[in-house]
Amino acid sequence: MAEDSESGEETGGITQLDIKDAGAGAQASSGGRNIDAMLNVGLQVQIILGRSRMPISQILKLTRGSIIELDKKIGDPVDVLINDRLVARGDLVKLPGDRLGVELTEIVKDFVPGND
């Protein structure tokens with residue numbers, strides 16, 4: 001994976017994206033305070049293609065070209081996590097230049113703050 005200077009920074013296989021300019025000039029409902037400073041806070045966005053569980057002995061045998069079987073099938077939706085919390089699901093889409101993206105198909109609405 002290559003680093004894209006406009007959209008994010010790659011760290012250990014996880015791309016961190018900064019959400020910028022989303023609603024610049026928005027006002028909070030109480031007292032009309034400006035919340036522009038919060039709109040520039042970077043959030044960690046992860047797209048989870050699947051998971052696998054392996055014993056250490058099998059992990060130590062992995063080499064270039066090894067295939068790790070995931071728990072999802074081709075066509076299954078991927079999970080979208082923001083700061084380690086599931087917020088949406090979507091389908092992988094091919095973008096120009098051999099890039100991948102996620103088309104959101106479901107927003108997870110049962111998130112309740114404080115219930116880990």
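Computed values, structure above
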quantity	calculated
In the range 30-73, residue nearest to L92 (Cα to Cα) [restricted to those that are basic (K, R) and within 18 Å of the chain's Cα centre (by Cα)]	K72
Positions within the range 37-58 being surrounded by 11 or more Cβ atoms within 10 Å (Cβ to Cβ) and in a helix (DSSP H, G or I), in sequence order	L39, Q58
The range 29-46 residues that are at pLDDT 70 or above, paired with ones that are aromatic (F, W, Y) and not in a strand (DSSP E or B) (beta carbon under 6 Å, 6 or more apart)	none
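The values are calculated or read from the model by the stated rules, or taken from the named source; none is laboratory data. Treat the numbers as computed from the prediction; the structure is a model and nothing was measured. Don't worry about glycine lacking a Cβ; one is built from the backbone with ideal geometry, like all the others, and counts go over all protein chains shown.
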